[in-house]
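The values are calculated or read from the model by the stated rules, or taken from the named source; none is laboratory data. Bear in mind the structure is a predicted one, so any value in this text is a computation, not a measurement. Every residue, glycine as well, gets a Cβ built from its backbone with ideal geometry; the counts of neighbours run over all protein chains shown.
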Amino acid sequence: MSEKMLDDTSKQPDKSGDGRIEALFFKSRNVIITGEIDDKLAQRTVTHLLALAEESDDPINVYISSPGGHVESGDMVHDVIKFIRPTVRTIGSGWVASAGALIFIGAAPENRYCLPNTRFLLHQPRGGIGGQATDMMIQAEQIRIMTERFYALFAAATGQTPEKIAEDIRRDFWLTTQEALDYGLVGKVISSINELR
């Protein structure tokens, strides 16, 4: 075999190994959401959730560690978590912020978990406003509508009132695991996978 052929084959990925890992991960019924939430992450996550839901009705675990991102992309994942037949358990780790928290509350209260060192951050939806005056007025109204919806979603998810949510998230609202538990954001703090119901 020529030196060139050896060099070419050494650069090829081990597809059988990669495929085996992917198959094992799919079989585990775990979904991982990390980093900034955007349309690509939302599409990948929703595809994974729908495929798992098609395979069986067994519970799905969604692990979240995210600084947040695009609200509508978070909405997409949030709604699909509620839409599919299997029970979805969300597990926070690291930090769960903004649109990441929106995804987190897609699960029912009893199915929302976090690991001991997780931090949560809630704040008002943010958006840039620019363009002509009339467009800026339309954008401002859309941000107001989004913010009201945000209050209602988090109120329903936590048992707090929309007014309390509005007051708390006027500025960045950080919560420790115990604070998130007391606030109704988290159902249970866990330190082992054996504690998942």
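List of remarks:
- Restricting VAL62, VAL71 to those that are over 15 Å from LEU175 (Cα atoms) and modelled with pLDDT under 95 reduces the list to VAL71.
- Cβ pairs under 8 Å, 6+ apart, first in segment 98-111 and in contact (Cβ under 8 Å) with a residue 12 or more places away in the chain, second assigned to a loop (DSSP other than H, G, I, E, B) and among the hydrophobic types (A, V, I, L, M, F, W, C): ALA101/LEU185; PHE104/LEU185; ILE105/LEU185
- Residues that are among the polar types (S, T, N, Q) and in a loop (DSSP other than H, G, I, E, B) within segment 179-197 comprise SER191, SER192, listed in sequence order.
- Selection from segment 134-171 of residues that are of a type outside the set (Gly, Ala, Ser), modelled with pLDDT of 95 or more and exposed (fewer than 14 other Cβ atoms within 10 Å of the Cβ): THR161, GLU163, GLU167
- Only residues that are in a helix (DSSP H, G or I) and either in contact (Cβ under 8 Å) with a residue 24 or more places away in the chain or within 21 Å of the chain's Cα centre (by Cα) (or both) were counted in segment 153-165, giving 7.
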